Amino acid sequence: MSSASIRVYFLSLDLGFANPLDRALGTEFDIRACQTAQFNRLTNFREWCEVVLRSASVQGDYESGLRVLDEIRKSPFCPPIVALCDEGNHSVIFRAIERGAYDTITNPPNMMELRLVLRRAYKSHAAEHEVQRLKSSAQGAGRLHELLGISLPMQELFALAQKIAPCDVNVLITGETGTGKELLARAIHHLSARSARPQFAFSCANLPESLIEDELFGHEKGAFTGAFTQRVGRIEAADRSTLFLDEIGDLSLGLQPKLLRVLQERSFERLGGNNNVKVDIRVICATNQNLAELVQQGKFREDLYYRLNVVQMHLPALRERRDDIRLLAQHFLEQSSEMFKKRAKKFSRAALDAVEEYSWPGNVRELSNAVQRAVVLSESQTVEIWHLPMAMHKGFDTPRINRSYEEAVREFKRRLILRTLRECGWHKAESARTLGVARGYLHRLINQLGIQEIEEEIAEEVRTPAPPPTRIM
């Protein structure tokens, strides 16, 4: 048995089914079986079990089978439960979900479907534990100050941040809106020798030049009408600390030479003043624009660009770090529940699928807002798909008892194939082998179920040029 096998407790009175089940699921799963009556005696339950596979009926007694789900849910750090329900018994299916089951599957199960359901349940369980682990550690492998990420791009970014933070070099952070550029700037400041003083931040976006100049450089008394007292600007306030300038690409050409002088000479003059003010600051800038292109267009000074771009760090979009979506969603769920004094503790299967498969054009900020909204609307421990914004409901219709058999089969096939394609990195040959079907048949299903539209979106993302590599100048 592989050390990486998913550990599954199979609770059933029929222990004879355990060995065939273990063989059918394969080496990816480690199955232990016990009778329901012995459940309370499982002293190693919490330490060993990662997923529970439980029949929703005990010799036809559905209430007894569902009562066991309640017992499991009372266990600290309860693992996800997959309930085996008789086909067509919609009442028991919905009651099992209400009692806390992660998902249900018809009995006897289709092994291909069961593997995928158990795998998803395990990933959900692992994400919840990762959040708990990061909470108990001030500096975990998946955390950099306020930033979370276990994906390879984020791990590389964290390593670079830890390397350059102690050095007083200027940093240029690039990335789409909502990716967390200010959080990365805070992390660098937090890890630097300047962390004893607070970081000062200012956004250059959508403000008149005169206002930006006053905010950054301050003014002397009488410098203009209404200047009744001297005012200290952000640059002077950030002396012996870090100044974070967001949306630096929007800084006007008139102010760019003044900022360049601060970077070169570490001095400036307040508006209306003649005295040189010396400062010791570190500058971190961020932009969602391509500054190199702005330089070519004559909209940004080349000498200022190179002064700012000593170290460039690129924050990937959320769609480029999908391994982090589940972790971030669970983190925001717990954060929002605590903030709003709500009971929400987990996502339903449909809600989590929708969160993972959404494109997130607004990146981490959009995810945080969507989870906050869902927690506010939720009245139970589970966030359902209808608590999420409408834009995320496409392809995830809420369960309907009266839907036709053909609709149910089509929906299941579409989601099964889509999930398998994502897990196999959109490689059709590998996906066909995982599903146990011919590659040509998989192609026909992709066309029939409308999955080719999503596939084209993925291909377009792949064709999009990657951001410039991180460089140290």
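Structure data summary
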item: Selected from Leu243, Leu304, Ser348, residue furthest toward positive end of dipole (the range 234-379; charges at beta carbon); result: Ser348
item: Residues of the range 366-389 with amide N under 20 Å of a point placed 7 Å along Cα→Cβ from Phe94; result: 378-388
item: Built amide H within the under 5 Å cut-off of Phe347, gap 5+; result: Val383
item: Separation of alpha-carbon centers, the range 330-392 and the range 179-238, rounded to whole Å; result: 34
item: Derived scalar couplings ³J(HN,Hα) [the range 285-302; Karplus, 6.51 cos²θ - 1.76 cosθ + 1.60; whole Hz; x for Gly, Pro]; result: 10, 9, 7, 9, 9, 8, 5, 4, 5, 5, 5, 5, 7, x, 9, 8, 5, 5
item: Among 321-334, 192-205, the order from most to least packed when residues are scored by Cβ within 10 Å on average; result: 321-334, 192-205
item: Violating pairs (Cα-Cα greater than 30 angstrom) within the set Lys163/Lys299; Lys346/Lys413; Lys163/Lys428; Lys123/Lys181; Lys221/Lys278; result: Lys163/Lys299; Lys163/Lys428
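Since every read-out is calculated from the coordinates, none of them should be taken as a lab result. All values derive from a computational prediction rather than experimental measurement. Backbone-built Cβ (ideal geometry, glycine too); neighbour counts: all protein chains shown.
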